[in-house]
Amino acid sequence: MAERGILIAFEGIDGTGKSTQIALLADYLAAKGYRVAATREPTDGPYGRKIRSLFTKRCHLTAEEELALFMADRREHVRELILPALAEGKVVLTDRYYLSTAAYQGALGHDPARIIVENEKFAPLPDLVILLELTPAESVHRIKNLRGESLNDFEREDGLAAVAAIFAGFAMDNIARIDAAASPVEVHRKIVAKVDEMLAAGKDSA
Ligand code: TYD
């Protein structure tokens, strides 16, 4: 049987601390002897770079075009990075995956359920989704005051509230919801508990 790694997706609105938590979890898993591949979407490939360059000019894209770009980026991400890493038995930690498309492009008017169905035709199901939860007001506060950044078009508070509402409605079994308002150390502790639980369940069923 082919070696199969583990896929963990980090999701949530902007400013929830996904990249900090991925770095902490990558170190934790590496210390336990796992080979870890940390990655992100939008990717650093051609579609991902195009998406980043369009951040401030979203009005030039239709909702259809925007969805098509995120889907193209993901297809490439799955083909070039995620599937090969899983085939090598690695633990893949991805900063955003298809629930981001369901939530963000869903907030633009696309049907979130349909987006999920389309993605699951080609994108492997995550073993665990860490969904970091924060109020849109706290998210905006963190982006502006703590990072000192201005908000890109994806990050306006009214838009984030719509995105957060869609994230809040997901009911899949593989989702672990974690309150991201706590300290980074506390959030990490909760994530480790969920990951250890998932790893132990995987061993039992192997
Ligand atoms: P983000 O994770 O904030 O990237 P970075 O911090 O590395 O710049 O992602 C950029 C934005 O893209 C974020 O506001 C959410 C949005 N996004 C979507 O709208 N749809 C998607 O499918 C993905 C993956 C991201």
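The values are calculated or read from the model by the stated rules, or taken from the named source; none is laboratory data. All of these numbers come straight from a predicted model, not from anything done at the bench. Every residue, glycine among them, receives a Cβ derived from its backbone with ideal geometry; neighbour counts consider all protein chains shown. Accessible surface areas use protein heavy atoms only, side chains included; no ligands, DNA or RNA. Shrake-Rupley method; radii C 1.70, N 1.55, O 1.52, S 1.80 Å.
Which is open to solvent by less than 10 Å² (accessible area, probe 1.4 Å) and within 9 Å of the ligand (Cβ to nearest atom), of Val91, Val163? Result of the check over Val91, Val163: Val163.
Total residues in region 156-195 satisfying the condition of being charged (D, E, K, R), in a helix (DSSP H, G or I) and under 22 Å from Ile22 (Cα atoms): the figure is 4.
Does Glu149 qualify as being without any contact (Cβ under 8 Å) to a residue 40 or more places away in the chain, within 12 Å of the ligand (Cβ to nearest atom) and not basic (Lys, Arg)? Taking the combined requirement at face value, the residue satisfies it. Put simply, of Thr16, Thr43 the only residue that is within 13 Å of the chain's Cα centre (by Cα), within 15 Å of the ligand (Cβ to nearest atom) and more than 22 Å from Ala193 (Cβ to Cβ) is Thr43. For region 14-48, enumerate the residues that are polar (S, T, N, Q) and in a helix (DSSP H, G or I). Those that are polar (S, T, N, Q) and in a helix (DSSP H, G or I): Ser19, Thr20, Gln21. Within region 111-135, take every residue that is open to solvent by less than 30 Å² (accessible area, probe 1.4 Å) and more than 17 Å from Asp73 (Cα to Cα) and give me the one that is farthest from the chain's Cα centre (by Cα). That would be Leu134.
Filtering region 61-74 to residues that are away from the ligand (no atom under 12 Å from the Cβ) and of a type outside the set (S, T, N, Q) leaves Glu64, Glu65. Against the numbered list (1) away from the ligand (no atom under 12 Å from the Cβ); (2) at pLDDT below 95; (3) buried (at least 18 other Cβ atoms within 10 Å of the Cβ); (4) of a type outside the set (Phe, Trp, Tyr), Ile82 comes up short only at (2). When region 179-206 is filtered for residues that are of a type outside the set (Asp, Glu) and more than 18 Å from the chain's Cα centre (by Cα), the ones remaining, listed by number, are Ala182, Ser183, Val185, Arg189, Ala193, Leu199, Ala200, Ala201, Gly202, Lys203, Ser205, Ala206. Taking region 29-75 as the region of interest, how many residues are open to solvent by less than 40 Å² (accessible area, probe 1.4 Å) and closer than 14 Å to Thr101 by Cβ? Result for region 29-75: 14.
Within region 19-40, the set of residues being of a type in the set (Lys, Arg) and within 16 Å of the ligand (Cβ to nearest atom) comprises Arg40 only. Gly33 meets all of the listed conditions (1) more than 18 Å from Ala123 (Cβ to Cβ); (2) in contact (Cβ under 8 Å) with a residue 12 or more places away in the chain; (3) out of contact with any strand residue (DSSP E or B) (no Cβ under 8 Å at 6 or more places or on another chain) but one, namely (2).
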